[in-house]
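One structure is given below, encoded as structure tokens.
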Amino acid sequence: MASPSFPQKSADALAVETVAKLLRNGSQHDADRPEIARAVQRLRLLGLIETTIAEYVRCADSRDRDYQYVQDRSCRGRIRLNDALDEDGDSFHCPECGRTVYPRQKTRHKMLQVEVKQDKVAVFLDGIIAESALPRKQLQPWVWRVDTPQGEARLVVVDYCGQEPVSRDWALNTRACYIVVDAANCKNRFLPEKWLAWARLADIVCQPELLLKLLSSAAATAPSPEARVSVPVYSATVRPVVLGAPPADTKTTAPKKPKKRATRAAAIDAIKQALREHLLAARDHAYSQDGEEGPALLRRPTQQQLADQLKLNISAVSRAINDPSDKEIAILWDAANDIEKVMKFKG
């Protein structure tokens, strides 16, 4: 049931969309915008996010001296000044277009960066159900069973759960309500099945009662018997929010820094593997929606999403994709943005 799962028209549309943008881990926002400040205050009060302030420059800023040399003046890339330096320490790279940027003569802005607190997401959702006094039990990480008046339903947080709860076969046999934390391109990440009940976490933050309605709706809805198709109901090839690794023990002796070329080669291999996995998911997605309107292209991950997923600097991803010594990575990168190449991809 995708339609009632998306934002309700009666809600404050601006607030909901602002909250949705803030619930993207690592997302960056203008710190001086009033609607951002209000939403940040609410999300921090709920414990769902923590924020830091940093300076940034815009890739294409009409007030800057280098604007006349910018080829893509529609680029909305923002470059943080404190962590975007490349390995030589003398230039920056735009996370959107990969352009090299020299910030000395550029206008500086204040930027707010968000960290989504995964443990608090669970506390928040569990708290809503607890207030309703509905019986509930966690079955596995990020999957709960909830007993509603209409019957039993599952609550699944797709950003953090395993592969089984987002498989179509599991969904067909389980009356589930899916919650997505990072809502970027979420309509294309879910299969267009009428019986699927899902919502953005932002919608639940703005309308907590919506969660109980969706759980009840999921419990009362029986999926239509259809042929099984081995594709996920939600594409999580590139996780929108990546579970961070624990910080290294600074007291231990640091290993020797690997050579640049070895580091670059490792980054290239990791990016190629991530792109292959995305292409496989995109191919299955395209064939599953190849109807009257033709196949649908699953959006290619951005360089920033790849950097977040693989724990790389955005400049390292940009250099790897444009590395002339490895032709395969460029082929995979281009193929992921071409529906014909996606559908012909063999893995």
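The values are calculated or read from the model by the stated rules, or taken from the named source; none is laboratory data. For clarity, every value in this text was computed on a predicted model and none was experimentally measured. Reconstructed Cβ throughout: ideal geometry from the backbone, glycine too, with neighbour counts over all protein chains shown.
Taking the criterion of being in a helix (DSSP H, G or I), of a type outside the set (Ser, Thr, Tyr), out of contact with any Pro (no Cβ under 6 Å at 6 or more places or on another chain) and closer than 19 Å to LYS213 by Cβ, would at least one residue in the range 130-139 satisfy it?
Scanning the range 130-139 turns up at least one residue that is in a helix (DSSP H, G or I), of a type outside the set (Ser, Thr, Tyr), out of contact with any Pro (no Cβ under 6 Å at 6 or more places or on another chain) and closer than 19 Å to LYS213 by Cβ.
Scanning the range 102-140 for residues that are in contact with a helix residue (DSSP H, G or I) (Cβ under 8 Å, 6 or more places away or on another chain), surrounded by fewer than 17 Cβ atoms within 10 Å (Cβ to Cβ) and in the same structural domain as TYR69 (by TED's automatic domain parsing) turns up TYR102, GLN105.
So that you can scan it fast, the table gives a plain yes or no per residue for (1) assigned to a helix (DSSP H, G or I); (2) not aliphatic (A, V, I, L, M):
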{"residue": "ALA20", "(1), (2)": "yes, no"}
{"residue": "HIS29", "(1), (2)": "no, yes"}
{"residue": "ARG63", "(1), (2)": "no, yes"}
{"residue": "GLN71", "(1), (2)": "no, yes"}
{"residue": "ARG104", "(1), (2)": "yes, yes"}
{"residue": "THR107", "(1), (2)": "no, yes"}
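Quick one: is GLU17 modelled with pLDDT under 90 and farther than 22 Å from VAL123 by Cβ? It is false that GLU17 is modelled with pLDDT under 90 and farther than 22 Å from VAL123 by Cβ.
Please find, among ALA222, ALA197, ALA171, the residue that is of a type outside the set (Lys, Arg), touching a strand residue (DSSP E or B) at 6+ places or on another chain (Cβ under 7 Å) and in contact (Cβ under 8 Å) with a residue 12 or more places away in the chain.
ALA197
Residue count for the range 21-38 satisfying the condition of being modelled with pLDDT under 95 and in contact with a helix residue (DSSP H, G or I) (Cβ under 7 Å, 6 or more places away or on another chain): 6. Among the residues of the range 141-155, the ones that are buried (at least 18 other Cβ atoms within 10 Å of the Cβ) and basic (Lys, Arg) come to 1 in all. Highlighted here are the helices (runs of 4 or more DSSP H) found entirely within the range 284-344 that include at least 2 residues which are within 26 Å of THR100 (Cβ to Cβ): 303-310, 314-321, 327-335.
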